[in-house]
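K.L.:
For reference, the structure I am asking about is given below.
The values are calculated or read from the model by the stated rules, or taken from the named source; none is laboratory data. Everything quoted here is computed from the prediction, not taken from an experiment. Positions of Cβ are backbone-derived with ideal geometry, glycine not excepted, and every protein chain shown enters the neighbour counts.
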Amino acid sequence: MIPEKTVCVTGASGFIASHIVNQLLAEGYRVRGTVRKSPEHYPYLLQLPGAGERLELVEADLLRSESFIPAFIECACVIHTASPYIINVKDPQTDLVKPALEGTSAVMEAALKTSGLKRLVLTSSVAAITDEPDSSKVFTEHDWNTRSSLQRHPYHYSKTLAERAAWDFIDRKKPDFDLITINPAMVTGPSVGSGLNTTNAMIRDIMNGVYPGIMDINWGFVDVRDTARAHILAMEKVSARGRYLCSAEVIDMRELVELLSLSGYGNYPLPKRDLTNIFGTALMKTLSWTQPRDTGTYLRTHIGRSIRYECSKIEKELGIEFRPVRESILEAVEDMISKGHLDRRDKKSSAARRKKY
Ligand code: NAP
């Protein structure tokens, strides 16, 4: 796509979307971002380099398709990121499924009415690939989450339904634009705004001693700037097709705690007790019943199992070179401290901080 063309980013205020907006502006694109409140609520977007001349923020509501029609006028591409990313909710249907599913349908319907639109890039998730690790399997873009429901992993369910609906829409309506999905794992790194993302909040919780010990659990991580870059490359590369799994590296909880400890954060109440054996796993599965419902389900389906993703498609077809996620995690920590999400404590050892990963 040619810079100077307009790109619409839905949910521009979000953790991933604000990096997309930042990178689009840096590349010379005109950007229209949809938000839920009036523009003055987003100074961190309005102050981005190039924003004064090339960023417009407009209000749009995921449950009203017509609110996106003016937002998409003259856009060559829409990047649809807006969707709730929350694990524990009161009402999964209202709080997750409705905005994710109806929001995606609303955006697709508005896209259909937009002349000149070439491509819609949807932020999906590994949640639409699977909702539980399978130690005997490496997950790829061919996999679909078939197990989630309103009761079991409702966030995963919302992302699966939304992505399925988007592909079904393309099959049924055969619009002039095509669809690409980016399916990121746990996205971390520094934030453009002052909010705290759900993934970074998990790292904060580990540093605040919320977990009773080191569990046998692992996660795929990817840097937020690489995730944003993947969306833009998916938009720009004419040859891009289908789904793109987006995970740089799988890190287990022990490695994560060691990274934090060796990087000068050993004076935070990091978990110490080793629960990575069968007894620890059994204990944590029992304790999971004391947790909020969806955290409990997450623990029971993830502890004691190992996740693996095959991400060569995004590397080969989009040319993404992932940055080391250990550095992204440490940048996320510093960012959370600087924004007051984590207490500042004196570094235990500044020499250790300089250790390179
Ligand atoms: P985020 O910072 O919470 O951003 C979510 C965005 O969606 C915000 O702009 C938010 O608007 C908007 N939104 C949420 N609920 C909405 C609703 N009911 N109506 C209208 N807008 C709504 O989260 P994020 O991490 O950037 O997530 C962006 C996308 O990436 C989501 O689709 C998420 O599922 C996906 N994803 C995230 C991760 C991750 O680890 N972060 C991993 C995989 C996929 P407000 O600012 O007004 O709340």
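K.L.:
What is the residue count in the stretch 191-218 for residues that are touching a residue at least 60 places away in the same chain (Cβ under 8 Å) and over 13 Å from the mean Cα position of the chain (by Cα)?
P.N.:
Count: 18.
K.L.:
For the stretch 290-320, enumerate the residues that are in a helix (DSSP H, G or I), within 19 Å of the chain's Cα centre (by Cα) and hydrophobic (A, V, I, L, M, F, W, C).
P.N.:
ILE314, LEU318
K.L.:
Now, a different point. Residue pairs, Cβ under 8 Å, 6 or more apart or interchain, first in the stretch 34-49 and touching a residue at least 60 places away in the same chain (Cβ under 8 Å), second exposed (fewer than 14 other Cβ atoms within 10 Å of the Cβ). List them.
P.N.:
That search, which allows pairs on different chains as well, returns TYR44/SER194.
K.L.:
Quick check on this structure: which one of ALA17, ALA82 is closer than 28 Å to ALA127 by Cα, in contact with a Pro (Cβ under 9 Å, 6 or more places away or on another chain) and within 11 Å of the ligand (Cβ to nearest atom)?
P.N.:
Values: ALA17 fails: in contact with a Pro (Cβ under 9 Å, 6 or more places away or on another chain).
Among ALA17, ALA82, only ALA82 is closer than 28 Å to ALA127 by Cα, in contact with a Pro (Cβ under 9 Å, 6 or more places away or on another chain) and within 11 Å of the ligand (Cβ to nearest atom).
K.L.:
Look at the stretch 277-313 and say how many of its residues are aliphatic (A, V, I, L, M) and closer than 23 Å to ILE129 by Cα.
P.N.:
Of all residues in the stretch 277-313, those aliphatic (A, V, I, L, M) come to 278, 282-284, 287, 299, 303, 307.
In the following step, the residues that additionally are closer than 23 Å to ILE129 by Cα were identified as 299, 303, 307.
So the answer is 3.
K.L.:
Inside the stretch 56-71, can you point out the residues that are touching a Phe, Trp or Tyr at 6+ places or on another chain (Cβ under 9 Å) and acidic (Asp, Glu)?
P.N.:
Within the stretch 56-71, ASP61 is the sole residue that qualifies.
K.L.:
Now, a different point. Do you know which of the residues in the stretch 203-230 that are of a type outside the set (Asp, Glu) and assigned to a loop (DSSP other than H, G, I, E, B) is nearest to the ligand (Cβ to nearest atom)? Before you say what the answer is, go through the steps one by one.
P.N.:
Residues of the stretch 203-230 of a type outside the set (Asp, Glu): 203-204, 206-215, 217-222, 224-225, 227-230.
Those left that are additionally assigned to a loop (DSSP other than H, G, I, E, B): 208-213, 217.
Working: ASN208: 19, GLY209: 22, VAL210: 18, TYR211: 18, PRO212: 24, GLY213: 24, ILE217: 16 Å.
Out of the qualifying residues, it is ILE217.
K.L.:
Another question, then. Would you please name the residue that is surrounded by the most Cβ atoms within 10 Å (Cβ to Cβ), looking only at residues in the stretch 61-91 that are of a type in the set (Gly, Ala, Ser) and under 21 Å from the mean Cα position of the chain (by Cα)?
P.N.:
Within the stretch 61-91, the subset of a type in the set (Gly, Ala, Ser) is 65, 67, 71, 76, 82-83.
Keeping just the survivors that are under 21 Å from the mean Cα position of the chain (by Cα) gives 82-83.
Working: ALA82: 27, SER83: 24.
Per the stated criteria, the residue is ALA82.
K.L.:
Could you tell me whether SER191 is outside any helix (DSSP H, G or I) and near the ligand (Cβ under 10 Å from one of its atoms)?
P.N.:
Working: outside any helix (DSSP H, G or I): yes; near the ligand (Cβ under 10 Å from one of its atoms): yes.
Considered against the rule, which asks whether it is outside any helix (DSSP H, G or I) and near the ligand (Cβ under 10 Å from one of its atoms), SER191 comes out as yes.
K.L.:
If PHE72 passes every condition in (1) within 14 Å of the ligand (Cβ to nearest atom); (2) in contact (Cβ under 8 Å) with a residue 40 or more places away in the chain but one, which one does it miss?
P.N.:
Unmet for PHE72, out of (1) within 14 Å of the ligand (Cβ to nearest atom); (2) in contact (Cβ under 8 Å) with a residue 40 or more places away in the chain: (1).
K.L.:
Turning to a different aspect of this structure: Among the residues of the stretch 326-357, what is the count of those that are of a type outside the set (A, V, I, L, M, F, W, C) and at pLDDT 95 or above? Let's see the steps before the verdict.
P.N.:
Quick first cut of the stretch 326-357, residues of a type outside the set (A, V, I, L, M, F, W, C) only: 326-328, 331, 334-335, 338-341, 343-350, 353-357.
Keeping just the survivors that are at pLDDT 95 or above gives 326-328, 331, 334-335, 338-341.
The total comes to 10.
K.L.:
Can you tell me which residue among THR281, THR198 is among the β-branched types (Val, Ile, Thr) and closer than 30 Å to GLU27 by Cα?
P.N.:
Details: THR281 fails: closer than 30 Å to GLU27 by Cα.
The match here is THR198.
K.L.:
Between ARG36, ARG64, which is at pLDDT below 95, basic (Lys, Arg) and within 14 Å of the ligand (Cβ to nearest atom)?
P.N.:
Details: ARG36 fails: at pLDDT below 95.
Testing whether each residue is at pLDDT below 95, basic (Lys, Arg) and within 14 Å of the ligand (Cβ to nearest atom) leaves just ARG64.
K.L.:
Can you tell me which of LEU287, LEU233, LEU270 is over 30 Å from LEU25 (Cα atoms), aliphatic (A, V, I, L, M) and either in contact with a helix residue (DSSP H, G or I) (Cβ under 6 Å, 6 or more places away or on another chain) or in a loop (DSSP other than H, G, I, E, B) (or both)?
P.N.:
Numbers: LEU287 fails: either in contact with a helix residue (DSSP H, G or I) (Cβ under 6 Å, 6 or more places away or on another chain) or in a loop (DSSP other than H, G, I, E, B) (or both); LEU233 fails: over 30 Å from LEU25 (Cα atoms).
Of the residues listed, the single one that is over 30 Å from LEU25 (Cα atoms), aliphatic (A, V, I, L, M) and either in contact with a helix residue (DSSP H, G or I) (Cβ under 6 Å, 6 or more places away or on another chain) or in a loop (DSSP other than H, G, I, E, B) (or both) is LEU270.
K.L.:
Scanning for something surrounded by 14 or more Cβ atoms within 10 Å (Cβ to Cβ) and farther than 21 Å from THR188 by Cβ, does the stretch 257-269 turn up at least one residue?
P.N.:
Scanning the stretch 257-269, I find no residue that is surrounded by 14 or more Cβ atoms within 10 Å (Cβ to Cβ) and farther than 21 Å from THR188 by Cβ, so the answer is no.
K.L.:
Now, a different point. Which of the residues spanning the stretch 164-185 are free of Cβ contacts under 8 Å to residues at least 60 places away in the same chain and either within 15 Å of the ligand (Cβ to nearest atom) or in a strand (DSSP E or B) (or both)?
P.N.:
Answer for the stretch 164-185, where residues must be free of Cβ contacts under 8 Å to residues at least 60 places away in the same chain and either within 15 Å of the ligand (Cβ to nearest atom) or in a strand (DSSP E or B) (or both): just ARG164.
K.L.:
Name, by its number, the condition in (1) within 16 Å of the ligand (Cβ to nearest atom); (2) under 20 Å from ASP178 (Cβ atoms); (3) assigned to a loop (DSSP other than H, G, I, E, B) that does not hold for SER105.
P.N.:
(3)
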